[in-house]
Structure formats: structure tokens, C-alpha cells
1. State yes or no: is A96 open to solvent by less than 30 Å² (accessible area, probe 1.4 Å) and out of contact with any Pro (no Cβ under 9 Å at 6 or more places or on another chain)?
2. Can you name the condition, by its number, that L87 falls short on among (1) open to solvent by 30 Å² or more (accessible area, probe 1.4 Å); (2) aliphatic (A, V, I, L, M); (3) free of Cβ contacts under 8 Å to residues at least 40 places away in the same chain?
3. Just checking: which of the strands (runs of 3 or more DSSP E) contained wholly in the stretch 51-103 hold 1 or more residues that are on the phi < 0 side of the Ramachandran plot and among the acidic types (D, E)?
4. Checking T36 against (1) among the hydroxyl-bearing types (S, T, Y); (2) more than 11 Å from the chain's Cα centre (by Cα); (3) at pLDDT 95 or above, which single condition isn't satisfied?
5. Identify all residues within the stretch 60-75 that are among the polar types (S, T, N, Q) and either surrounded by fewer than 16 Cβ atoms within 10 Å (Cβ to Cβ) or touching a helix residue (DSSP H, G or I) at 6+ places or on another chain (Cβ under 9 Å) (or both); write none if there are none.
6. Looking at the structure I just gave you, is V54 under 11 Å from the mean Cα position of the chain (by Cα) and in contact (Cβ under 8 Å) with a residue 12 or more places away in the chain?
7. Residues to consider are T107, T81; find the one that is farther than 21 Å from V6 by Cβ and under 10 Å from the mean Cα position of the chain (by Cα).
8. Hey, among the residues in the stretch 104-120 that are open to solvent by 10 Å² or more (accessible area, probe 1.4 Å) and either assigned to a strand (DSSP E or B) or in contact with a His (Cβ under 9 Å, 6 or more places away or on another chain) (or both), which one's modelled with the lowest pLDDT?
Amino acid sequence: MANNIVQSFIAASPITEFALVSIDGNGKVAVTTAATDKACIGVAQRGASAGEPVDVIISGVSRIIAGGSITFNTASLVMATTAGKLLTHATSGNYAIGRIIPNINQTSAAANDQFSIVFTGPNNLIP
């Protein structure tokens, strides 16, 4: 069983279910749009409109949405891309925000597929 840490935030703008979110200067969350965003705080667990509360996994296991093709046995770390989605962690200056949890039924993901990760936060900057 996962030991998830969930925190409620107020959405600064519309958020989609299972999107990565970043905290803004007002303490609200918005969809993460770049792998260089060190303010990425977690994964939204449902969709929300601006001003609504949204539960966010700030540490632990969550579903997430692929931003492109990912083969799980060649990529363990993931990074943010546009629209709060994920890609394989790569290139200088990008933060890994978690690692993939592969399983026997899903060994890859195409764009917009859901898969599971352990969200750890932006902590593995490639120099």
C-alpha cells in the first residue's frame, strides 16, 4: 500500500485530472508547463476550475499522463512537459520529478496514456 501525502490547494487556473501542478507566488497551484520548473509541487487528483480546491499528491504514487512515447524499461525517471504531462527525463537543466512504476500489463505509454509514477518532487537536476 502506498503512503501518499495529499495536500489541498486552491487552483489558480483550470487544472486537469492527473496533471502536474506548480505552486505560484500566492500559494495557489497551476498546471506545470516546463521541466525547468522547480516549483512543481505534485499531481492533481481531480480536475478543478480556477478558485476551486484540488487535492494534490505531494509525495507518493499517482496516475499521470504521458506527453509523448515512453518505454518504461529504458526510462525510469520522468520530467514535466507542457500541459502538466510527463516525458522521459533528459537534457541539461531539467528536473526529474519522479520515477515510473512499470507493471506486467503496461510497459510503455503513448501520448495521453495514463501510467503510474512515484512523485518525489523536482530533485534530480541534470547539469
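The values are calculated or read from the model by the stated rules, or taken from the named source; none is laboratory data. Just so it is clear, the model here is predicted, and its values are computed rather than measured. Note: ideal-geometry Cβ built from the backbone for every residue, glycine included; neighbour counts use all protein chains shown. The accessibility values were calculated without ligands, DNA or RNA, using every heavy atom of the protein model including side chains. Shrake-Rupley method; radii C 1.70, N 1.55, O 1.52, S 1.80 Å.
1. Numbers: open to solvent by less than 30 Å² (accessible area, probe 1.4 Å): yes; out of contact with any Pro (no Cβ under 9 Å at 6 or more places or on another chain): no.
Against the criterion (open to solvent by less than 30 Å² (accessible area, probe 1.4 Å) and out of contact with any Pro (no Cβ under 9 Å at 6 or more places or on another chain)), A96 does not qualify.
2. (3)
3. Result: 53-65.
4. (3)
5. Going through the stretch 60-75, the residues among the polar types (S, T, N, Q) turn out to be 62, 69, 71, 73-74.
Listed by number, the residues that qualify are S69, T71, N73, T74.
6. On the way: under 11 Å from the mean Cα position of the chain (by Cα): no; in contact (Cβ under 8 Å) with a residue 12 or more places away in the chain: yes.
Considered against the rule, which asks whether it is under 11 Å from the mean Cα position of the chain (by Cα) and in contact (Cβ under 8 Å) with a residue 12 or more places away in the chain, V54 comes out as no.
7. Values: T107 fails: under 10 Å from the mean Cα position of the chain (by Cα).
Result of the check over T107, T81: T81.
8. Taking the stretch 104-120 and keeping what is open to solvent by 10 Å² or more (accessible area, probe 1.4 Å), we get 104-108, 110-114, 116, 118, 120.
Adding the requirement that they be either assigned to a strand (DSSP E or B) or in contact with a His (Cβ under 9 Å, 6 or more places away or on another chain) (or both) leaves 106, 108, 114, 116, 118, 120.
Numbers: Q106: 90, S108: 93, Q114: 96, S116: 95, V118: 95, T120: 93.
Here the residue is Q106.
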